[in-house]
1. Name the residue, out of Leu83, Leu40, that is under 26 Å from Gln107 (Cα atoms), open to solvent by 70 Å² or more (accessible area, probe 1.4 Å), under 12 Å from the mean Cα position of the chain (by Cα) and at pLDDT 90 or above.
2. When you go through (1) under 19 Å from Gly113 (Cα atoms); (2) of a type outside the set (A, V, I, L, M); (3) open to solvent by less than 60 Å² (accessible area, probe 1.4 Å) one by one for Trp30, which number turns out not to apply?
3. Which ones in the stretch 49-61 are buried (at least 17 other Cβ atoms within 10 Å of the Cβ) and under 26 Å from Asn27 (Cα atoms)?
4. Of the conditions (1) in a loop (DSSP other than H, G, I, E, B); (2) at pLDDT 90 or above; (3) not polar (S, T, N, Q), Pro14 clears all except one; give me its number.
5. I'd like the full set of residues that are more than 17 Å from Gly34 (Cβ to Cβ) and either modelled with pLDDT under 95 or out of contact with any strand residue (DSSP E or B) (no Cβ under 8 Å at 6 or more places or on another chain) (or both), limited to the stretch 52-76.
Amino acid sequence: MSAKAIIFYSTGDPNYNTTAPGGSLTNSGWQYEGTWEGFLGTPIAPKYFITARHVGGQLGDPLLFRGIAYPTTAVYDNPDSDLRIWRICGAFPDYAQIYTNTNEVGQSCVVIGRGTQRAAPVTTSNLLGVKTNG
């Protein structure tokens, strides 16, 4: 089974979950988000960030990360997904580290994203009883 998207399904309030979480979720990933073409880009190495290909962008466009604009110098598409990796001029002061542990079964997951405007929910129940978009 695979997921093509993750949909926020809690409230229609457009101001809900629009700031970094606190408590046990402090530093759970929000600190690595930059602004790219009005959406998000995540630094993943000193000179690279990842984003969704469908967001677009052109060489020279900047990722705004922690108040600094980092212009792009190269782009790499993954032919099997909607992911795109951009190379920047300069170097990020910090970036999301790759997960190397093998203990993720049964653990919580924090997902951060920015999509379109929230609308009325469209749900259905599948055989697992999980609500899905569709």
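The values are calculated or read from the model by the stated rules, or taken from the named source; none is laboratory data. Bear in mind that the values here come from a model prediction, so they are computed numbers and not experimental data. Neighbour counts run over all protein chains shown; Cβ positions are idealised from the backbone, glycine included. The accessibility values were calculated without ligands, DNA or RNA, using every heavy atom of the protein model including side chains. Shrake-Rupley method; radii C 1.70, N 1.55, O 1.52, S 1.80 Å.
1. Answer to the selection: Leu83.
2. It is condition (3) that Trp30 fails.
3. Residues satisfying the conditions are Phe49, Ile50, Thr51, Ala52.
4. The one condition Pro14 does not meet is (2).
5. Matches in the stretch 52-76: His54 only.
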